[in-house]
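Notes for the one structure printed next.
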Amino acid sequence: MLIKTSDTKLVKSFLSKLSLPKPNSHKGQNGKVLIIGGSSLFHSASLWAAEVASHFVDMVHYSSTEENQKIFLSLKKKFHNGIIISKEKITDYVKEDNTILIGSGMVREGTEAEYTSDLVKSLIENFSEKQFVMDAGALQVMRADWLTELKTPSIITPHQKEFEKLFGISIFDKSLIEKEKIVKETAKKFKTIILLKAIVDIISDGSDVYLVEGGNAGLTKGGTGDILAGLTAALSTTNPALASAVISSILLKKTGERLFQSKGYWYNIDNIIEMIPEVLKETIL
């Protein structure tokens, strides 16, 4: 199914499916997400994911690597919309939280990559029923067959190069129709939900396929993928996983279009994070 962000009626119908906070709800009932990311090389990526998630859930928990310890400690001063936790406490928060996002800002080489690989494998083996969102560094150090061990299908958010590295399938030179078929078949084979990031995003759970067309060149900036992963993780705490991936893609592209009206292509990551809630509010409330 093709979803053009210019199709206001169709976009509104999708976004209206979102579960909204109930008037009588209390702390914790509107989602809790654990974000594991960051490295000594990439400091901001996982923080962007955490910041956007904080708009949509009751609680964000964040953990990073030992090599990122200085950044980790400084985040306690900078990140006021969640709780920073040590890696020794990760298991406790995996048990507690609804969704776990892992990989944003993590690297694919060195001891930090070994930590990421070991952690992803351990989480899959010990918490197969949990909802995971896997992005960036996690996708670059894991094996595709690990996905089939999960009882709850994960959401993975690769760009085309990460898709090739994880699954061994090159899609750069394929037509959109061919990519759609490959993504659907791969999602079915590995029992996962794929959100392939591209000019036209392709999202599939192996049964249904959605193509999201829209946005603009301002969304090519580094960090938009981290926002997409964080938003998807946040929405999936209280919404079906496939719908969360599709709606996150729509929201990000719609936000880029909205920012273009005032800033052209020259908006930044902070602008996107702050604008996403406004775009959603204007669409469904």
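What follows is calculated from the coordinates using simple rules that are stated; it is not laboratory data. The model shown is predicted, which means the values in this text are computed figures rather than measured ones. All Cβ positions, even for glycine, are placed from backbone atoms using ideal geometry, and neighbour counts span all protein chains on display.
Just a few scattered comments:
- Over all orientations, the chain has a Cα convex hull whose mean projected area works out to 14.1 square nanometres.
- Phi angles of the stretch 259-268 translate, via the Karplus equation with coefficients 6.51, -1.76, 1.60 and θ = phi - 60°, into HN-Hα couplings of 5, 4, 4, 10, 10, x, 7, 9, 9, 10 Hz per residue; Gly and Pro are given as x.
- 20 Å Cα-Cα threshold exceeded, pairs from Lys12/Lys151; Lys17/Lys221; Lys95/Lys121; Lys87/Lys121; Lys161/Lys184: Lys12/Lys151; Lys17/Lys221
- Under the Karplus curve 6.51 cos²θ - 1.76 cosθ + 1.60, θ = phi - 60°, whole-Hz ³J(HN,Hα) for the stretch 169-178, x wherever Gly or Pro sits: 10, 8, 10, 4, 9, 8, 6, 4, 5, 5
- Value of [θ]222 nm, deg cm²/dmol, for the chain, DSSP H segments ≥ 4, -39500 (n - 2.57) each, nearest 500: -14000 deg cm²/dmol
- Taking the Cα centre of the stretch 30-284 as reference, the dipole from Cβ charges on Lys and Arg (+1) and Asp and Glu (-1) amounts to some 220 debye.
- Other residues whose C-beta falls under 14 angstrom from the C-beta of Leu228 contribute a net charge of -1, scoring Lys and Arg +1 and Asp and Glu -1.
- Proximal charge balance of Ala144 [Cβ under 10 Å; K/R count +1, D/E count -1]: +2
- Protection proxy ranking of 226-236, 259-269, by the mean of other Cβ atoms within 10 Å over each peptide's residues and highest first, is 226-236, 259-269.
- Once backbone amide H atoms are built at 1.01 Å from N, His159 has Lys197 as its partners under 5 Å, excluding neighbours fewer than 5 places away on the same chain.
- Ile276 sits among other residues whose Cβ lies under 10 Å from its own Cβ, and their net charge, with Lys and Arg +1 and Asp and Glu -1, is +1.
- Options Thr283, Tyr210, Ile83, ranked by Cα towards positive dipole end of the chain, top entry (Cβ charges): Thr283
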